[in-house]
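Down below is the structure, laid out as structure tokens.
Read the figures in this text as sums done on the coordinates, not as results from a lab. Just so you know, these numbers come straight off a predicted model, no measurement behind them. Methodologically, a virtual Cβ is constructed for each residue, glycine included, from the backbone with ideal geometry; neighbour enumeration extends over all protein chains shown.
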Amino acid sequence: MAIRWYIRVMSPTRSSAPSEALLIERIALLEERKAAIAAEQSEAVLEFATAHAESQIAAGEVDPEALERSIAAQVGLACRVSPTEGRRRVRIARDLHAGHTRVRELFTAGRLSEYQTATIVAATAHLSPAERAEVDRGLAERRVETLGVRRIHDLTRSLAAQVAPEKFTARCRAARTGRRVSVRPAADGMADLTAHLPVEEAVACYAALAAVVNEAAVRPEPVTRGRGQIMADALVERLTGQATARDVNVEIQVVVPVEALVDADSPLPAEVPGHGPVPVELLTTGDGRRTWRRLITRDGVVIGGDSRSRLFTGRLAALIRARDGHRCREPYCDAPIRHIDHIRRWKDGGTTEFTNGRGLCAFHNHVREIAGWRAEVVGEKVTTTTPTGAVHHAEIAPAAGRPSTARPGQHDVA
């Protein structure tokens with residue numbers, strides 16, 4: 001069916017279309033050009049980071065941590081990615097020029113993709129330039145450009161372990177201190193709960209959940225759930241202590257358009273802040289002891305308030321977090337809100353009120369205080385100006401899934 005659809009869609013232009021062989025050749029050529037352009041961009045990132053560091057040091061700004069934040073934030077805005085990704089690109093550009101001569105040549109020629117190159121650089125981040133050069137030679141001898149990402153990752157780690165076994169052991173030990181559990185939003189009212197664990201502990205946890213499937217298979221009752229469903233339910237039951245997974249006891253904040261409450265046929269969905277839209281009818285389910293704390297909106301705007309306090313606290317802070325979707329309001333940043341920031345600073349006469357507050361992640365809250373950065377309200381938008389004079393705009397986020405008419409992160413250079 002999919003093939004017939006492609007033929008039907010493409011048929012009006014087939015008479016003048018190039019041959020299949022030429023099209024495949026063009027796709028391959030464009031893929032090489034993509035990689036080569038990414039390599040050129042990486043060069044520019046390194047040049048900017050070096051130039052900005054030199055200019056800031058000359059101006060007396062010598063705080064290394066603040067300087068790194070400022071560089072990462074500016075690269076992130078320029079590339080339309082988060083500051084975390086901006087910082088990663090800066091580090092890749094730096095390390096790529098410190099021992100990875102052959103890998104860099106393959107990247108520049110378009111024979112290694114940006115993702116393949118980043119995989120190699122990340123796997124050798126703990127090595128010195130001289131040690132990276134040894135790994136670089138080993139990769140070139142094994143024609144790394146012909147391998148898939150997983151094999152590149154494993155080969156690079158293996159070579160790194162041979163070149164510097166003590167550092168490899170130390171890296172693995174350090175990784176165990178980073179064990180953690182996180183939850184991320186997924187589509188259709190779902191979320192991904194992830195545990196980052198030492199391999200033997202992760203395998204043991206999985207085996208314990210798999211054993212529940214085997215137990216269910218020998219019970220006399222008919223099996224109405226699949227393997228994955230049984231394991232997921234067992235995980236929830238064991239972590240929460242509930243008899244069944246659907247009997248969880250939790251309160252969840254949800255933003256509901258008033259139109260959806262008064263009109264049963266309204267297409268407007270509700271929204272769990274930070275997790276996206278959910279159907280309103282799911283909020284009325286009687287399963288378990290879930291409580292939905294509702295914030296009502298009209299025309300996509302959460303009702304605001306004001307305060308004479310210097311800090312955003314209580315209901316006002318909760319309203320701002322809900323309005324901003326529990327995500328940082330800087331362009332391209334999806335990190336969770338950690339601070340409620342005065343757009344116009346308190347010390348500059350800014351007030352602690354709904355229209356002067358915005359949610360920021362910890363990173364951007366610190367960047368705001370670095371010399372050369374400033375933010376101000378211009379009409380319906382917050383305008384951020386970077387030390388180089390680049391200007392970025394972010395519209396105040398509408399709640400409850402209302403579409404925005406602004407172009408997020410629209411920017412220009414002053």
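Things to note:
- Calculated FRET efficiency, Thr351 to Thr240, Cβ-Cβ distance, R0 = 45 Å: about 0.60 to the nearest 0.05.
- Added length on full extension, which subtracts the Cα-Cα distance from 0.36 nm per residue, Val378 to Ser158: 73.9 nm
- According to the calculation over all Cα-Cα pairs in the stretch 19-176, the P(r) per 5 Å bin from zero is 2, 9, 16, 18, 18, 15, 12, 6, 3, 1, 1, 0, 0 %.
- In this simple spin-label model, placing a label point 7 Å from the Cα along the Cα-to-Cβ direction at both Ala208 and Ser128 gives a separation of 4.4 nm.
- Between Glu47 and Ala109, the modelled labels are 2.3 nm apart [label points 7 Å from Cα along Cα→Cβ].
- Hydrodynamic radius of the stretch 181-247 per Kirkwood, over alpha carbon pairs, in Å: 13.3
- Ala17 paired with Lys34, simple spin-label distance in nm, labels 7 Å along Cα-to-beta-carbon: 2.0
- Inter-centroid distance (Cα atoms) of the stretch 46-122 relative to the stretch 168-236, Å: 35
- In terms of the mean number of neighbouring beta-carbon atoms within 10 Å, the peptides 31-39, 121-129 order highest first as 121-129, 31-39.
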